[in-house]
1. Test each condition in (1) more than 10 Å from the ligand (Cβ to nearest atom); (2) within 14 Å of residue 150 (Cβ to Cβ); (3) surrounded by fewer than 19 Cβ atoms within 10 Å (Cβ to Cβ) for residue 191 and report the one that comes out false.
2. Of 197, 107, which residue is part of a helix (DSSP H, G or I) and either in contact with a strand residue (DSSP E or B) (Cβ under 7 Å, 6 or more places away or on another chain) or closer than 30 Å to residue 73 by Cβ (or both)?
3. Answer yes or no as to whether residue 212 is modelled with pLDDT of 95 or more, crowded, with 19+ Cβ neighbours inside 10 Å and either more than 23 Å from residue 34 (Cα to Cα) or over 16 Å from the mean Cα position of the chain (by Cα) (or both).
4. Just checking, which of 73, 83 is under 30 Å from residue 20 (Cβ atoms), free of Cβ contacts under 8 Å to residues at least 24 places away in the same chain and touching a helix residue (DSSP H, G or I) at 6+ places or on another chain (Cβ under 8 Å)?
5. Output the number of residues of the range 209-251 satisfying the condition of being part of a loop (DSSP other than H, G, I, E, B) and within 9 Å of the ligand (Cβ to nearest atom).
6. Considering (1) within 16 Å of the ligand (Cβ to nearest atom); (2) in contact with a helix residue (DSSP H, G or I) (Cβ under 8 Å, 6 or more places away or on another chain), say which one residue 171 fails and leave the rest.
7. Tell me whether the range 29-36 contains one or more residues that are over 16 Å from residue 146 (Cα atoms), free of Cβ contacts under 8 Å to residues at least 60 places away in the same chain, in a loop (DSSP other than H, G, I, E, B) and in contact with a strand residue (DSSP E or B) (Cβ under 9 Å, 6 or more places away or on another chain).
Ligand SMILES: NC(=O)c1ccc[n+]([C@@H]2O[C@H](COP(=O)([O-])OP(=O)(O)OC[C@H]3O[C@@H](n4cnc5c(N)ncnc54)[C@H](OP(=O)(O)O)[C@@H]3O)[C@@H](O)[C@H]2O)c1
């Protein structure tokens, strides 16, 4: 799984097409989308001009669609929109306590066995939820995608992933720009002569955490990709790990009734 990917949340229409083309031309070969982002069809249009075999494509099933047949239906629609025969990774976007996880994992296992998805995983799962999924799944849980940046380090979850051969992917890796103001990040930016974003992405990559920054600016898309070309010293990784500020930037909005629980 490529260590850096292109995030596409909140990018739709022409902006997602333009940004994705910039990213693919720069050398990104990993794209993160979801049925909930409502941009799979535009992404599919762009992908027609690129070699599918060289790309790692992730999508996610919404927590309202976690019953067995709904998972199969969601994947079918994602493949159709993306114009591909398979996904490299298919994630449960959020846990849903109203739908049996065993049922969802059976559906994902069926998709895996039929070759429609090469790997499966979860997103926004706590250590406890991940542990349950890992225990009951017939096929390996390859990834947990969670909010992970210098103000939300998830050390315990990361250690659990490392010891169970599960890759952690950092969603909102730049904390939606908030963390770029952090004084430690800015000191390191001066020291390495790298942008604050490159420091944050380099910190994730150094810990083998896959990172998927989103941008609609050509300069940002290109400079973010270059974070793979430098290495932070261990002592500087520790400095970032010792930042005391804790702040999450996203959470499930219960107003969305995303669990599909009738009120
Ligand atoms: N699984 C989940 O529930 C979940 C949740 C959140 C996100 N995600 C995934 O993770 C991806 C990334 O997260 P995100 O989009 O929420 O936030 P993010 O990548 O942390 O931050 C995106 C913001 O950072 C800015 N930015 C990007 N590069 C920059 C740079 N070099 N310098 C300054 N600003 C920069 C972008 O603005 P510009 O356009 O101006 O560059 C944009 O406003 C998403 O797109 C999605 O694929 C998944």
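The values are calculated or read from the model by the stated rules, or taken from the named source; none is laboratory data. Predicted model only: the values in this text are computed from it and were never measured. When we count neighbours, we look across all protein chains shown, and the Cβ atoms used for this are built from the backbone with ideal geometry, even at glycine.
1. (2)
2. Within the list 197, 107, the selection yields 107.
3. When the stated conditions are applied, residue 212 does not pass them.
4. Answer to the check: 73.
5. Selection size over the range 209-251: 8.
6. For residue 171, the exception is condition (2).
7. Taking every residue of the range 29-36 in turn, at least one turns out to be over 16 Å from residue 146 (Cα atoms), free of Cβ contacts under 8 Å to residues at least 60 places away in the same chain, in a loop (DSSP other than H, G, I, E, B) and in contact with a strand residue (DSSP E or B) (Cβ under 9 Å, 6 or more places away or on another chain).
To keep it simple, each residue is scored yes or no on (1) in a helix (DSSP H, G or I); (2) away from the ligand (no atom under 16 Å from the Cβ).
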{"site": "72", "(1), (2)": "yes, yes"}
{"site": "84", "(1), (2)": "no, yes"}
{"site": "96", "(1), (2)": "no, no"}
{"site": "99", "(1), (2)": "no, yes"}
{"site": "103", "(1), (2)": "yes, yes"}
{"site": "115", "(1), (2)": "no, yes"}
{"site": "131", "(1), (2)": "yes, yes"}
{"site": "134", "(1), (2)": "yes, yes"}
